[in-house]
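Heads up, the thing below is written out as structure tokens.
The values are calculated or read from the model by the stated rules, or taken from the named source; none is laboratory data. In this text, all values refer to a predicted model and were calculated from it rather than measured experimentally. All Cβ positions, glycine included, derive from the backbone under ideal geometry; neighbour counts span all protein chains shown. For the accessible areas, the whole protein counts, side chains as well, though only heavy atoms, and no ligand, DNA or RNA atoms are used. Shrake-Rupley method; radii C 1.70, N 1.55, O 1.52, S 1.80 Å.
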Amino acid sequence: MAKAAGPVNVSSDWTDRQMRILRADAAAIARAADVLRAGGLVAFPTETVYGLGARAGDPRAVAALYAAKGRPSFNPLIAHVSDLAAAERLGAFTEDALTLAKKFWPGPLTIVVKTRGSAAVCELARAGLDTVAIRVPSHPAARELLANVDFPVVAPSANRSGHVSPTTAQHVADDLAGRIDLILDGGASEGGIESTIIDFSGDKPRLLRSGGIARGEIETITGPLASASKNEVSAPGMMASHYAPRARLRLDAREVHPGEALLAFGNGLPTSAEKARKILNLSERGDLTEAASRLYAYLRELDASGAEAIAVVPIPGEGLGEAIRDRLARAAAPK
Ligand code: TXA
Ligand code: MG
């Protein structure tokens, strides 16, 4: 196996980084671990979307991460760790939080708990909150990367802030080339939609973001989940406009206007579909899991068609449909 050559050289200036894309084999992952240790920025595959990793306890690395994404620093990051034991060193788990972690980790679930104040996740990464968001990803490359370092890795989705999340290494390069140090290419993310975020820091568990694990699966353990209140600052990633392509999105479309691109679902097409500039179908067989896995790639592809607007057919709201509808609504919100 070829060892990735050369010293690890991390520029202190995030605007001038020599980014490489490496297939996520053992040598590349070891190199990525070195880059993280040195305070660099590494994009890596997870089962949901690609993340942009930085050493969570290094405020300079975390500041560079916010800058590279153009992300407002009041929007806290998720700390990724390799197992529950590591998670419990960072935050105080309630009984329900523990039960959920044992059932769904590793996997697309993020748990918010009161921080234990560990310096392993710096204050900037938590945006000064007294809580910390933690996740144990299941993607083999992500797991191996986390096993190669002895610190938590904060990783927002590896896109420019507000843009569509990346599900391939190429998507990451399209958004962040020149701003980060390394991309580990582990193929397309299978889940395609971010982790579900549950907040256990208050009196009642709350659903902060719908995602890869459907609400119903979680509620069998927690009972009915409260929702995040509108305009809440504690989950700013839930800002109205987010996950957005350049083109305007028109939701629940029952007909296509001339010049629009069409994002379809299921086996029927809306009226005047022949007028569409380009058509992509999230799942002809109406499978929401398949639709979630394709959502972001298809939004990017329809955006690239040059259409001014993307008409999106109605997507059912059950199961993973809740998260898909949530992302589409944010992508459609006025910028
Ligand atoms: O699937 C995922 O979660 C991906 C992969 C890379 O792991 N990551 C991801 O990170 O989606 P990001 O930064 O794009 O979204 C994190 C969300 C934001 O909405 C942020 O506001 C929220 O988590 N968050 C982080 N820490 C929080 C906290 N302490 N309390 C409430 N919300 C928090
Ligand atoms: Mg994101």
Practice task
At 1.4 Å probe size, with no ligands or nucleic acids counted, give the accessible surface of Thr94 in Å², nearest ten.
Solution key: 50 Å²
Handout entry: For segment 155-236, Kirkwood radius (reciprocal of mean inverse C-alpha pair distance, Å)
Key = 14.9 Å
Problem - the chain: antiparallel DSSP beta bridges as a percent of all, rounded to 5 - result: 40 percent
Exercise for the section: Starting from 0 in steps of 10 Å, tell me what percent of the Cα-Cα pairs of segment 183-335 lands in each bin. Expected result: 11, 37, 33, 16, 3, 0
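Any chance you could tell me what percent of the C-alpha pair distances in segment 122-200 go past 19 Å? The partial results should precede the final answer.
Details: 1425 of 3081 pairs.
Cα-Cα pairs of segment 122-200 separated by over 19 Å account for 46 percent.
Given segment 187-226, what whole percent of its Cα pairs are spread farther than 14 Å?
On the way: 356 of 780 pairs.
More than 14 Å apart: 46 percent of the Cα pairs in segment 187-226.
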Exercise for the section: Report, please, the projected area of segment 150-192 averaged over directions, based on the convex hull of its C-alpha atoms, in nm². Expected result: 3.8 nm²
Problem - Tensor-based shape of segment 248-332 (alpha-carbon gyration tensor, a/c under 1.5 rounded, otherwise prolate or oblate) - result: prolate
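Kindly sort Lys102, Lys335, Lys114, Lys69 by accessible area of their heavy atoms, largest first, with the probe set to 1.4 Å. Can you show the working numbers first?
Numbers: Lys102 140, Lys335 160, Lys114 85, Lys69 5 Å².
Of Lys102, Lys335, Lys114, Lys69, the descending order of accessible area is Lys335, Lys102, Lys114, Lys69.
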Handout entry: Student exercise, the chain dipole from Lys, Arg, Asp, Glu Cβ charges, in Debye to nearest 20
Key = 580 debye
Handout entry: Relative packing of peptides 148-155, 274-281 - highest average C-beta neighbours within 10 Å first
Key = 148-155, 274-281
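List the pairs from Lys102/Lys204; Lys69/Lys204; Lys69/Lys103; Lys69/Lys335 whose alpha-carbon separation is above 22 Å, in the order I gave them.
On the way: Lys102/Lys204 19 Å; Lys69/Lys204 32 Å; Lys69/Lys103 32 Å; Lys69/Lys335 17 Å.
With Cα atoms farther than 22 Å apart: Lys69/Lys204; Lys69/Lys103.
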Fill in the blank from the handout: Per principal axis, largest first, the Cα atoms of segment 97-160 extend in Å by 31, 30, 26
Exercise for the section: Compare the Cα positions of Thr196, Thr99, Ala155 along the charge dipole of the chain (+1 at Cβ of Lys, Arg; -1 at Cβ of Asp, Glu; about the Cα centre) and return the one farthest towards the positive end. Expected result: Ala155
Fill in the blank from the handout: With the dipole of the chain defined by +1 on each Lys or Arg Cβ and -1 on each Asp or Glu Cβ, the option from Gln18, Ala247, Val136 whose Cα lies farthest towards the positive pole is Gln18
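Rank these by accessible area, largest first, 1.4 Å probe: Thr110, Thr220.
On the way: Thr110 0, Thr220 110 Å².
Descending order: Thr220, Thr110.
Using helices alone, what [θ] at 222 nm do you get for the chain, with -39,500 (n - 2.57) per DSSP H run of 4 or more residues, divided over all residues and rounded to the nearest 500?
On the way: 9 runs with 93 residues, N = 335.
Computed mean residue ellipticity for the chain: -8000 deg cm²/dmol.
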Exercise for the section: Tally the DSSP beta bridges in segment 68-145 and give the antiparallel ones as a percent, rounded to 5. Expected result: 70 percent
Exercise for the section: In vacuum, with every alpha carbon of segment 3-138 counted as one equal point scatterer, what does the Debye formula give for log10 I(q)/I(0) at q = 0.17 Å⁻¹? Two decimals, please. Expected result: -0.96
Exercise for the section: Determine one quarter of the surface area of the Cα convex hull of segment 20-227, which equals its mean projected area, and express it in nm² to one decimal. Expected result: 9.9 nm²
